[in-house]
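Trainee: Quick one: this structure, given as structure tokens, is what I'll be asking you about.
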Amino acid sequence: MSVLVLGGAGYIGSHAVYKLMDSGEDVIIVDNLETGHKEALHPEATFYQGDIRKIDFLRTVFKNESIESVIHFAANSLVGESMEKPLKYFDNNVYGTQVLLQVMAEENVKHIVFSSTAAVYGEPETVPILETEKTKPLNPYGETKLTMEKMCHWASKAHGTKYVSLRYFNVAGARESGEIGEDHRPETHLIPIILEAALGKRSHVTIFGNDYDTPDGTCIRDYVHVEDLIDAHILALQYLRDGGNSDVFNIGSNQGFSVKEMINTAREVTGKGIVAKNGERRVGDPSTLVASSEKAKKVLGWDPTKTYSKKIVEDAWKWHSAHPYGYDKEGIKE
Ligand code: UDP
């Protein structure tokens with residue numbers, strides 16, 4: 001029996017595949033390679049290139065393979081882009097998940113773990129955020145993830161598909177051994193952007209707003225190490241296999257760092273004088289997102305060991321400094 005990883009060539013999906021294979025699982029990957037990289041595919045996993053919105057393609061994968069559970073990362077995930085192209089997000093994230101749940105129901109596959117986001121909360125009323133906080137997304141990305149959760153809830157009632165939704169806070173870092181890491185085109189995430197500035201690939205980092213109601217005026221986020229995040233998925237899978245009920249968990253560090261603090265950490269780790277300039281606020285950004293992950297610790301037994309800012313930046317720097325062009329060699333896409 002296999003675990004089907006949708007989006008297994010992407011940043012988070014590829015880290016999941018490597019860890020699942022480390023733990024002895026048989027893994028099937030589906031990815032349309034729109035944002036993923038073929039170089040990030042695990043060489044020993046079975047790979048199908050295709051789009052989850054194509055129901056016949058997905059049915060073929062389920063027919064060919066003996067799939068016991070699904071981990072679903074195949075989604076668009078950029079807040080800024082989602083404000084400009086909301087329908088792209090509803091199509092890929094919501095409709096893609098609808099097709100997936102349909103095929104899972106047809107094939108009687110009962111377990112799904114999928115990525116949700118802190119963006120479902122919008123601007124939270126209480127920090128650290130509990131899973132019981134009101135969900136009021138400020139951007140289409142968060143709205144589509146919330147819709148995916150609701151769809152899973154109703155599919156679970158009708159078809160008995162048990163799900164775990166993991167609401168990620170800010171995922172960063174890279175696999176400790178350094179074979180895979182983060183490579184988005186274009187890059188929009190804070191830590192890789194800071195490290196690109198450290199590498200001299202950018203002249204500076206623009207701080208998106210320094211007039212927020214936070215101690216230093218810059219946005220506060222909760223950064224979680226990608227390898228700890230993947231452990232949460234593996235534990236969630238085990239929880240479902242052990243008969244756990246469908247549920248939602250925050251995955252973060254319970255600690256917030258401002259944009260300026262993260263730039264300072266990167267200056268320490270890299271030893272580079274990274275230039276930062278103040279810019280306008282980015283539309284759709286809440287000021288502060290910090291998780292309470294007590295529920296994941298208590299119910300799933302999640303025990304993050306790498307989730308602290310220095311380790312996250314160190315592992316990310318190991319990847320970026322060894323692969324300044326990401327998965328391309330010397331800036332040439334293979
Ligand atoms: N950010 C910034 N400059 C950048 C990229 C991001 O100041 O070039 C800020 C952004 O406004 C947010 C934080 O860094 O407060 C994290 O942003 P990112 O895009 O990494 O993740 P998000 O919070 O959108 O999931």
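Trainee: Kindly provide the helix-only [θ] at 222 nm of the chain, computed as the sum of -39,500 (n - 2.57) over DSSP H runs of four or more divided by all residues, to the nearest 500 deg cm²/dmol? All intermediate terms of the calculation are to be shown ahead of the outcome.
Mentor: Details: 10 runs with 115 residues, N = 334.
It lands at -10500 deg cm²/dmol.
Trainee: Note down the magnitude of the dipole of the stretch 160-237 about its Cα centre, charges +1 on Lys and Arg C-beta and -1 on Asp and Glu C-beta and zero elsewhere, to the nearest 20 debye. Don't skip to the answer; put the middle values down first.
Mentor: Details: 7 positive and 13 negative charges, 53 e Å.
Value, rounded to 20: 260 debye.
Trainee: Principal axis extents for the stretch 272-334, Cα atoms only, whole Å, descending order, please.
Mentor: Principal axes ranked by extent give 46, 32, 26 Å for the Cα atoms.
Trainee: Quick one: the Cα spread of the stretch 1-120 along its three principal axes, in angstroms, biggest first?
Mentor: Computed over the stretch 1-120, the largest-to-smallest principal extents equal 40, 30, 24 Å.
Trainee: Further, regarding this structure: Considering only protein heavy atoms and a 1.4 Å probe, what is the carbon-and-sulfur percentage of the accessible area of the chain?
Mentor: On the way: 6980 of 14060 Å².
Here it works out to 50 percent.
Trainee: Step by step: find N for the stretch 186-328, compute 2.2 N^0.38 Å, then divide the Cα radius of gyration by it. What's the final number? Before the final figure, lay out the partial values.
Mentor: On the way: Rg = 16.9 Å, N = 143, 2.2 N^0.38 = 14.5 Å.
In units of the globular-protein estimate, the stretch 186-328 measures up at 1.17.
Trainee: Ok, one more. How large is the Kirkwood hydrodynamic radius of the stretch 142-231, in angstrom, based on all distinct alpha carbon pairs? It would help to have the intermediate numbers written out before the result.
Mentor: Values: mean 1/r = 0.0612 Å⁻¹.
Value: 16.3 Å, from the Cα pair sum.
Trainee: Semi-axes of the stretch 26-93's equivalent ellipsoid from the Cα gyration tensor, sqrt of 5 times each eigenvalue, largest first, rounded to whole Å? Walk me through the numbers before you get to the answer.
Mentor: Working: eigenvalues 119, 43, 19 Å².
Computed over the stretch 26-93, the values are 24, 15, 10 Å.
Trainee: Take every DSSP beta bridge with both residues inside the chain and express the antiparallel ones as a percent of the total, to the nearest 5. The partial results should precede the final answer.
Mentor: Numbers: 3 of 41 bridges.
In the chain, DSSP labels about 5 percent of beta bridges as antiparallel.
Trainee: Would you list the P(r) distribution for the chain, with all Cα-Cα distances sorted into 20 Å bins from 0 and each bin expressed as a whole %?
Mentor: Pair shares across the bins are 32, 60, 7.
Trainee: 5 Å is the cut-off here: which amide hydrogens, built 1.01 Å from N in the peptide plane, fall below it relative to residue 29, excluding neighbours closer than 5 in sequence?
Mentor: Amide H neighbours of residue 29, under 5 Å, 5+ apart: 5, 46, 47, 48.
Trainee: From the gyration tensor of the Cα coordinates in the stretch 172-225, what semi-axes in whole Å does the equivalent ellipsoid have, largest first, with each one equal to sqrt(5λ)?
Mentor: Ellipsoid semi-axes (Å, largest first): 24, 15, 9.
Trainee: Oh, and also: So for the stretch 189-253, what percent of the C-alpha to C-alpha distances run longer than 13 Å? Show your work: numbers first, answer last.
Mentor: Working: 1553 of 2080 pairs.
In whole percent, the share of Cα-Cα pairs in the stretch 189-253 beyond 13 Å is 75.
Trainee: Continuing with this model, one more query. At 25 °C and 0.890 mPa s, what whole-number value in µm²/s does Stokes-Einstein give for the translational diffusion of the stretch 72-123, with Rh from the Kirkwood sum over Cα pairs? Let's see the in-between values first.
Mentor: Numbers: Rh = 12.3 Å.
This corresponds to a translational diffusion coefficient of 199 µm²/s.
Trainee: Mind scanning 162/298; 63/329; 54/150; 134/311 and naming the pairs with a C-alpha gap bigger than 26 Å? Display every interim value, and only then the final one.
Mentor: Working: 162/298 19 Å; 63/329 37 Å; 54/150 22 Å; 134/311 32 Å.
In this structure, 63/329; 134/311 exceed 26 Å between Cα atoms.
Trainee: For the ranges 184-195, 279-290, what's the packing order if you count other beta-carbon atoms within 10 Å of each residue, average per peptide, and put the highest first? Don't skip to the end; give the middle numbers.
Mentor: On the way: 184-195: 18.7, 279-290: 16.8.
Answer by packing, highest mean first, reads 184-195, 279-290.
Trainee: Report the accessible area of residue 33, computed with a 1.4 Å probe over the heavy atoms of all protein chains in place, in Å² rounded to the nearest 10.
Mentor: Here the accessible area works out near 40 Å².
Trainee: Measure out, as a whole number of angstrom, how far apart the alpha-carbon centroids of the stretch 144-197 and the stretch 241-301 sit.
Mentor: 12 Å
Trainee: A further question on this structure: From the P(r) of the stretch 84-190, could you give the percentage of C-alpha pairs in the tail past 16 Å? Display every interim value, and only then the final one.
Mentor: On the way: 3733 of 5671 pairs.
Summing the P(r) tail past 16 Å for the stretch 84-190 gives 66 percent.
The values are calculated or read from the model by the stated rules, or taken from the named source; none is laboratory data. Note that the coordinates shown come from a computational prediction; the quantities given were computed from them, not determined experimentally. With ideal geometry, Cβ positions are generated from the backbone for all residues, glycine too; neighbour counts draw on all protein chains shown. For the accessible areas, the whole protein counts, side chains as well, though only heavy atoms, and no ligand, DNA or RNA atoms are used. Shrake-Rupley method; radii C 1.70, N 1.55, O 1.52, S 1.80 Å.
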